[in-house]
Amino acid sequence: MTDRPDAQPRASHFVDGDYVEDRAGEPIPVIYPATGETIATVHAATPDVVDRALTSAARAQADWAATDPTERGRILRRAADLIRERNRDLSVLETLDTGKPLQETLVADATSGADALEYFGGLAADVTGTTMRFGDDWAYTIRRPLGVCVGIGAWNYPTQIACWKGAPALATGNAMVFKPSETTPLCALKVAEILVEAGLPPGLFNVVQGLGAVGAALTTDPRVAKVSLTGSVPTGRKVAAAAAGEMKHVTMELGGKSPILVFDDADVDDAVSGAINGNFYSSGQVCSNGTRVFVQSGIMDAFLSRLTERLAGVVPGDPLDEGVNYGPMTTRAQMDIVLRHLDTVRAEGARVVAGGKRMDRDGWWIEPTILADLRDDMAAVREEIFGPVMSVLTFATEDEAVARANDTPFGLSAGLFTRDLTRAHRVVARLQAGTCWINQYNLTPPGMPFGGSKQSGIGRENARVAMDHFTEVQTVYVGMGPVEAAY
Ligand code: NAD
């Protein structure tokens, strides 16, 4: 068992290269979800802290944009190395912050953040434009940084989200003010500290704490050129509307109710593994989860029985114990939302194949739950639950599966399992989802664009496309001949 370190950060915020405290801000308790204990307290940023963060970002950004991009990249890659060296400490903190098992955080949070810093660090010197010829004249484009960007995070992957937003912003010459979720405020501070240790000049990556009001203050500040949010669809609507007031750029990584299609020629064990990873990893608190699993009728029984057998491998327990592979909900409020959904869907006549209840433990635990005998119009099948609840539905034909998979306002992701290569690509082309997996689920390497269609988002994170979203094109027309005028 890993010892539990003191989680209290040196101060609540990280501004202009150092920790900053202002106790006038509302206290925010940080709770270890596995026990419900308060393990630290931070204070929401006051208007003064928000102003200092934005002022330092605006001041630092001009020099950073003029810094040789090779040097910018080197600093990001150094930060990636430091994160990897300290992965265990960062993962323990992440586990305390979120309740996710250490087994998961050791491989899928700080390391994923390091991957992003390394990837964008490598690309920093490769931001290029294009040239065009018009007779003897020509034009070229330059990609310019936007200026001060704001990142606002959700609570499920605090280190990863800070890095996925910070790395492309910094690589392309922007500054960032990042507001973590009020539920998981600890890890982004460590990212900021490590970036400065790696050589990032003060002011370029600031962290301010707070609830939605602090996020709203950042979003509407005239010094801010872009807002990148990871959060729910309702918050996305508010943030996009506020940003529209001054035509700020936005990236919206929002929620989903994604489908996984399992055809009757699929490798059932792979499909079951995909459904488990896409529903119960992080106790279901993953935006891209495939929570509507459509199984072709011929293999429904085999699928359900293998799936329920595999649940014998679930090991709940103290998330700091590396033998544990299943943790609690990150907040009591989230547990209550999940339990309400389960009550409703049961009353509507759904069959609970496995789980379905709160676990008898301290903290906020819900059993991994499999639902069947559902209708597509039930709330549990239509709404994002953001918990360990898998809806298993059956279908007969490919056309039916595609139509039902697409019958949702969300479009974050989708998966399909089949051994028929032609069908795989034919179906994927018909799915309304920003990110799709064939015979795999939920893997997000940094070189792959990630993001949603429809109400699940605007823009993409990761890959080169994220660098496009943190820059804008300046076009330069070059006249080579005499200037002709009518008179
Ligand atoms: P949330 O929408 O409640 O909050 C997200 C962030 O927005 C928080 O930091 C919050 O303080 C801030 N916020 C709230 N109101 C605001 C406002 N008016 N202006 C500015 N900021 C505001 O989301 P959550 O509960 O923290 O996270 C869960 C949600 O996030 C789920 O819907 C999940 O699907 C989504 N999510 C999406 C992705 C993705 O990449 N698509 C990744 C993780 C989580």
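From the list V402, V389, the one residue that fits, being surrounded by 15 or more Cβ atoms within 10 Å (Cβ to Cβ), more than 30 Å from Y119 (Cβ to Cβ), in contact with a Gly (Cβ under 7 Å, 6 or more places away or on another chain) and at pLDDT 95 or above, is V389.
Pairs linking a residue in region 204-222 that is aliphatic (A, V, I, L, M) and part of a loop (DSSP other than H, G, I, E, B) to a residue that is at pLDDT 95 or above and within 11 Å of the ligand (Cβ to nearest atom), with Cβ atoms under 7 Å and 6 or more positions apart or on different chains, are V208/K179; V208/V214; L211/A44; L211/E182.
For region 96-103, the count of residues that are in contact with a strand residue (DSSP E or B) (Cβ under 6 Å, 6 or more places away or on another chain), touching a residue at least 24 places away in the same chain (Cβ under 8 Å), surrounded by fewer than 17 Cβ atoms within 10 Å (Cβ to Cβ) and closer than 30 Å to Y281 by Cα is zero. Per the listing A302, A312, the residue uniquely surrounded by fewer than 23 Cβ atoms within 10 Å (Cβ to Cβ), without any contact (Cβ under 8 Å) to a residue 12 or more places away in the chain and among the hydrophobic types (A, V, I, L, M, F, W, C) is A312.
Tally the residues that are out of contact with any helix residue (DSSP H, G or I) (no Cβ under 9 Å at 6 or more places or on another chain) and over 16 Å from D6 (Cβ atoms), restricting the search to region 82-102. Steps first, answer last, please.
Residues of region 82-102 that are out of contact with any helix residue (DSSP H, G or I) (no Cβ under 9 Å at 6 or more places or on another chain), as a first pass: 85, 96.
Remaining after also requiring over 16 Å from D6 (Cβ atoms): 85.
Residues meeting the conditions: 1.
How about region 370-467: which strands (runs of 3 or more DSSP E) wholly inside it have at least 1 residues that are within 26 Å of A108 (Cα to Cα) and free of Cβ contacts under 8 Å to residues at least 60 places away in the same chain? Write out each step before concluding.
On the way: elements: 389-395, 413-417, 435-438.
Qualifying strands (runs of 3 or more DSSP E): 435-438.
Here L200, L189 are screened, and the one residue that is in contact (Cβ under 8 Å) with a residue 24 or more places away in the chain and in a helix (DSSP H, G or I) is L189.
Restricting attention to region 180-211, the residues that are in contact with a helix residue (DSSP H, G or I) (Cβ under 6 Å, 6 or more places away or on another chain) and of a type in the set (S, T, N, Q) add up to 2.
Residues checked against (1) within 13 Å of the ligand (Cβ to nearest atom); (2) under 21 Å from the mean Cα position of the chain (by Cα); (3) among the basic types (K, R); (4) farther than 13 Å from C287 by Cα:
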{"position": "L412", "(1), (2), (3), (4)": "yes, yes, no, no"}
{"position": "D420", "(1), (2), (3), (4)": "no, no, no, yes"}
{"position": "R430", "(1), (2), (3), (4)": "no, no, yes, yes"}
{"position": "T435", "(1), (2), (3), (4)": "yes, yes, no, no"}
{"position": "L443", "(1), (2), (3), (4)": "no, yes, no, no"}
{"position": "F450", "(1), (2), (3), (4)": "yes, yes, no, no"}
{"position": "K454", "(1), (2), (3), (4)": "yes, yes, yes, yes"}
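If you go through region 164-186 and keep only what is hydrophobic (A, V, I, L, M, F, W, C) and away from the ligand (no atom under 13 Å from the Cβ), you end up with A167, A169, L170, A171, A175, M176, L186. When the residues of region 233-271 are filtered to those that are assigned to a helix (DSSP H, G or I) and buried (at least 24 other Cβ atoms within 10 Å of the Cβ), the one that is farthest from the ligand (Cβ to nearest atom) is A271. In this structure, is A213 within 9 Å of the ligand (Cβ to nearest atom), on the phi < 0 side of the Ramachandran plot, modelled with pLDDT of 95 or more and hydrophobic (A, V, I, L, M, F, W, C)? The answer is yes for A213.
The values are calculated or read from the model by the stated rules, or taken from the named source; none is laboratory data. The shown structure was predicted, so the numbers you read here are calculated from the model rather than taken from an experiment. Methodologically, a virtual Cβ is constructed for each residue, glycine included, from the backbone with ideal geometry; neighbour enumeration extends over all protein chains shown.
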